[in-house]
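S.K.: Take a look at the following structure, please.
The values are calculated or read from the model by the stated rules, or taken from the named source; none is laboratory data. Just so you know, these numbers come straight off a predicted model, no measurement behind them. Every residue, glycine as well, gets a Cβ built from its backbone with ideal geometry; the counts of neighbours run over all protein chains shown. Protein only, heavy atoms only, side chains kept; ligands, DNA and RNA dropped before computing areas. Shrake-Rupley method; radii C 1.70, N 1.55, O 1.52, S 1.80 Å.
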Amino acid sequence: MAGREKVTVRHVIRAKQRGEKLVMVTAYDTPTARLVDEAGVDMILVGDSLGMVVLGLPSTLQVTMEDMVRHTEAVARAQPRALVVGDMPFMSYEASVAEAVRNAGRLLSAGADAVKIEGGSEYTDVIKAMRRAGIPVMAHVGLTPQKHKLLGGYRLVGKTAEEALEVIRDAEEAAEAGAFAVVVEFTAWEVAREITRRISVPTICIGSGPHCDGQVLVIHDMLGLTPSPPPFAKRYADVASVIRGAVEAYAREVRSGAFPGEGMYWGMKSGEHQRLLKLLEGRGEKR
Ligand code: KIV
């Protein structure tokens with residue numbers, strides 16, 4: 001998407017009408033948000049993948065509203081041009097519509113421009129209520145990691161016609177309810193293509209093939225910072241080696257005394273060290 005003005009949900013919808021591919025990536029902190037924004041992405045997702053790739057949790061089920069608020073604030077502090085989407089964590093929108101709207105409002109107050117919920121057909125009431133409150137919602141269908149226990153693991157979804165139909169229905173109903181975009185995760189590519197053809201708002205895919213209006217990746221997977229990334233995550237850089245190499249060099253220099261070197265430390269004002277020694281002597285201290 002060209003231009004330097006702030007990306008809004010209207011721009012995102014228009015991109016589909018113009019046939020422009022949308023680029024989305026996750027970020028969870030201020031410096032990363034600044035960098036991905038400088039790289040020109042259209043949308044930044046403060047994903048609940050945060051739990052696994054940043055906080056070392058076993059799944060997204062342990063991520064809290066407090067985690068998401070804190071990290072959404074951090075991303076928003078970068079003041080990105082990209083649209084910031086805050087992910088609604090497990091149990092922040094399932095129990096009741098009122099609670100869902102209140103929690104979505106907290107993410108907007110934290111600086112998000114929109115929120116994302118996992119689900120389609122079963123959350124049309126939530127999507128409608130959020131829209132009524134002025135909160136743009138992105139839906140998420142196919143593999144929905146918060147439901148991995150029900151789905152039977154992190155698996156490709158929509159391999160049979162019946163399951164494919166369910167996913168397509170999910171996306172259609174979410175879009176009809178007012179979602180401004182739909183994430184389609186790890187479905188058979190034919191399913192993602194059908195959804196993309198059938199709904200008027202953009203599909204943002206991850207692991208669901210090329211026939212989508214946009215793509216999203218988890219930044220830690222892209223940068224080679226996750227030890228076992230999902231099979232659909234392409235690694236664009238080996239930042240783990242860069243970090244390891246830099247810290248090894250630092251450790252070598254500390255141990256050899258090469259760091260800190262000349263020009264990296266500073267002294268007292270002229271004559272002040274002598275005065276200090278006298279003051280210390282006066283206290284009866286020995287050097
Ligand atoms: O939390 C996340 O990063 C996500 C993406 C994988 C779409 O939901």
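S.K.: Could you give every pair whose Cβ atoms fall below 8 Å, whose first residue belongs to the stretch 265-282 and is free of Cβ contacts under 8 Å to residues at least 12 places away in the same chain, and whose second residue is open to solvent by less than 70 Å² (accessible area, probe 1.4 Å), counting only separations of at least 6 or pairs across chains?
M.R.: These pairs meet every condition: Met268/Leu276.
S.K.: Ok, one more. Name the helices (runs of 4 or more DSSP H) wholly within the stretch 202-287 that hold at least 1 residues that are within 30 Å of Val184 (Cα to Cα)?
M.R.: Output list reads 219-222, 239-256.
S.K.: Here's something else I'd like to know. Only one of Ala249, Ala188 is open to solvent by less than 30 Å² (accessible area, probe 1.4 Å), more than 22 Å from the chain's Cα centre (by Cα) and farther than 21 Å from Arg14 by Cβ; which?
M.R.: Criteria check complete, one pass: Ala188.
S.K.: Find all pairs meeting these conditions: Cβ atoms under 6 angstrom apart; at least six residues apart or on different chains; first residue within the stretch 19-37 and closer than 10 Å to His71 by Cβ and outside any helix (DSSP H, G or I); second residue open to solvent by 60 Å² or more (accessible area, probe 1.4 Å) and not polar (S, T, N, Q).
M.R.: Pairs found: Tyr28/Val54.
S.K.: In the stretch 200-213, is there at least one residue being in contact with a helix residue (DSSP H, G or I) (Cβ under 9 Å, 6 or more places away or on another chain) and without any contact (Cβ under 8 Å) to a residue 12 or more places away in the chain?
M.R.: no
S.K.: Can you confirm whether Arg235 is within 17 Å of His140 (Cα to Cα), open to solvent by 60 Å² or more (accessible area, probe 1.4 Å) and of a type in the set (Lys, Arg)?
M.R.: no
S.K.: A further question follows. Might you let me know whether the stretch 153-167 holds any residue that is within 16 Å of the ligand (Cβ to nearest atom), β-branched (Val, Ile, Thr) and either open to solvent by 10 Å² or more (accessible area, probe 1.4 Å) or in a helix (DSSP H, G or I) (or both)?
M.R.: Looking for residues that are within 16 Å of the ligand (Cβ to nearest atom), β-branched (Val, Ile, Thr) and either open to solvent by 10 Å² or more (accessible area, probe 1.4 Å) or in a helix (DSSP H, G or I) (or both), one finds at least one in the stretch 153-167, hence yes.
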